[in-house]
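> If you scroll down you'll find the structure; I have some questions about it.
Just so it is clear, none of the values below were taken in a lab; they were calculated from the coordinates. Note that this is a predicted model, so its numbers are computed, not measured. Glycine also receives a Cβ, built like all others from the backbone with ideal geometry; neighbour counts cover every protein chain displayed.
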Amino acid sequence: MNHARCIDVHHHPSPPGYLAARDQRNRSSAWKQARWSPAQSLEDMDKGGVTAVCETGHYEEQCALRPENRTTLMATDPKRFIATMKVWRECFLQSAASPVIGASESQLRSISVPTCIIPGNDNTHPGRVGEHLQRIFGKTSELHVMYPEHRDIDLVPGEDWVPREGEMAEIFTGFLKRAGARAAA
């Protein structure tokens, strides 16, 4: 989500709607993401190239879920991959004081389309971030709290959210239908 926001807020002038789930906000989250994601990938590249990246952490999981991901990664120019990871790492580090990782408050306020927010429930994705986003986006936003109980751990495993993916998809598709209907009116 955050990688997409880094790209979308900077390069997409008018998406049909903005979907935000398990957003992150705080210095600790920004530093952790900068270390876990792009920095880990850069270390893996140094150790064993793209093959090592495909066999570690997030990328290993994604390649196991969809074997074509491994094919795509293996075909990636290592210099381009390294450059991308450096941009992502910098985006995370620069976002440490932002409302969410990947976008400043002024960038978020510039989003003029309806927004659907599903806050997280752990120390990396605290629920208060969703509430803050709703205040930023105002009356065109919808806040859907799927997990009201906060879990005092760094990161709720993604598989804990899997049983409710269908419900999340229904929230997002319903939101997009409502946003489309309002835009057409």
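> Can you pull the one-decimal nm distance between simple spin-label points at Arg109 and Glu43, each 7 Å off the Cα toward Cβ?
3.9
> Setting aside same-chain residues fewer than 8 positions from Lys79, which aspartates and glutamates have a Cα under 17 Å from its Cα?
Correct list for Lys79: Glu43, Asp44, Asp46, Glu90.
> Check each of the GluC sites (Glu not before Pro) in segment 123-185 and keep only those in coil by DSSP with at most 16 other C-beta atoms within 10 angstrom; list them in order.
Passing sites in segment 123-185 are Glu149.
> Place +1 on the Cβ of every Lys and Arg and -1 on the Cβ of every Asp and Glu in segment 86-185, take the dipole about the Cα centre, and give the residue among Ala96, Leu108, Gly166 whose Cα lies farthest towards its positive end.
Leu108
> Given +1 on the Cβ of Lys and Arg, -1 on the Cβ of Asp and Glu, and no further charges, what dipole in debye does segment 121-173 carry about its Cα centre, rounded to the nearest 20?
360
> Taking the Cα-to-Cβ direction at Gln94 and at Glu68 and moving 7 Å from each Cα, how far apart do the two end points lie in nm?
The answer from the label model is 3.2 nm.
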